[in-house]
1. I want the local charge near residue 70. Using Cβ-Cβ distances under 13 Å, sum +1 for each Lys or Arg and -1 for each Asp or Glu among the other residues.
2. Sort 37-50, 144-157 for me by packing, meaning the mean count of neighbouring Cβ atoms within 10 Å per residue, highest on top.
3. Whole-Hz Karplus ³J(HN,Hα) for the range 170-175, in order, using 6.51 cos²θ - 1.76 cosθ + 1.60 and θ = phi - 60°, x for Gly and Pro?
4. Hey, can you grab everything whose amide H is under 5 Å from the amide H of residue 50? Only 5+ residues off in sequence or another chain; H modelled, so Pro and N-termini drop out.
5. Ordered by residue, what ³J(HN,Hα) values in Hz, to whole numbers, does the range 155-167 give under the Karplus form 6.51 cos²θ - 1.76 cosθ + 1.60, where θ = phi - 60° and Gly and Pro are x?
6. Show the residues, 5+ positions off or on another chain, whose built amide H is closer than 5 Å to the amide H of residue 145.
7. From the backbone phi of the range 38-50, what are the Karplus-calculated ³J(HN,Hα) couplings (6.51 cos²θ - 1.76 cosθ + 1.60, θ = phi - 60°) in whole Hz, Gly and Pro given as x?
Amino acid sequence: MTTTDLYEIATSEGDDGTPHPVEQIWTPCADDAANSGFIAHRGLHVTGIDNPTDDHLYPVAFLALGHQRWTDVIEAAAAYMARIHGWRNLHLYPGDDPSVLIPLIPRAVHTHGVFLRHPHPDNGCGCEWDDTWRMVWAPDTEPGAMPVTALRHPAALAAAASIPNPDEGAPATWAV
């Protein structure tokens, strides 16, 4: 296992003893983004993400490729939920009680993430994670870091989203 302070990349050893990653760093492009769970909404690529426990039925946050305006990310997040989950209300998850609205729209942050796809194409392992990807927050100086805009889902608890908070010293800034 090769470890950094930010994330771990699993490795395997080749016949010559050289370690090779069993995951690859992924840089999404417009064509590949749609094949990996992103939707395009007015030129913005957005997807819903879960927290590290990965146990929610609906997204607890949204991720847009690049640094985007806050209002554009909110609109794209609503389009994502409508297209993927048939969702029509920004403040509720499908099936929630409409009398319990959350009157706060969370702010978006500009930050960076590294996208890791499992497995690396040269080192397939056949495990349950084959052909999946994950994203980890990273400073902009980290190799492979992509600019992203992240927004907590309005119906998710603030702590559930695990989005970097600029007020707590995270490598992020508030989107305007």
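Each value in this text was obtained by applying a stated rule to the coordinates, not by laboratory testing. Quantities reported herein were computed from a predicted structural model and do not represent experimental measurements. Note: ideal-geometry Cβ built from the backbone for every residue, glycine included; neighbour counts use all protein chains shown.
1. Details: positive: 69, 107, 152; negative: 72, 75.
Here the count lands on +1.
2. Values: 37-50: 18.2, 144-157: 20.5.
Highest-to-lowest ranking by the protection proxy: 144-157, 37-50.
3. Per residue, the Karplus-derived 3J(HN,Hα) values read 5, x, 7, 10, 6, 6 Hz.
4. Hits under the 5 Å cutoff: 60.
5. 8, 8, 5, 4, 6, 5, 6, 6, 8, x, 10, x, 6
6. Those qualifying (amide H under 5 Å, at least 5 residues apart or on another chain) number zero.
7. Running phi through 6.51 cos²θ - 1.76 cosθ + 1.60 with θ = phi - 60° gives 7, 10, 9, 9, 6, x, 9, 9, 9, 9, x, 10, 9 Hz.
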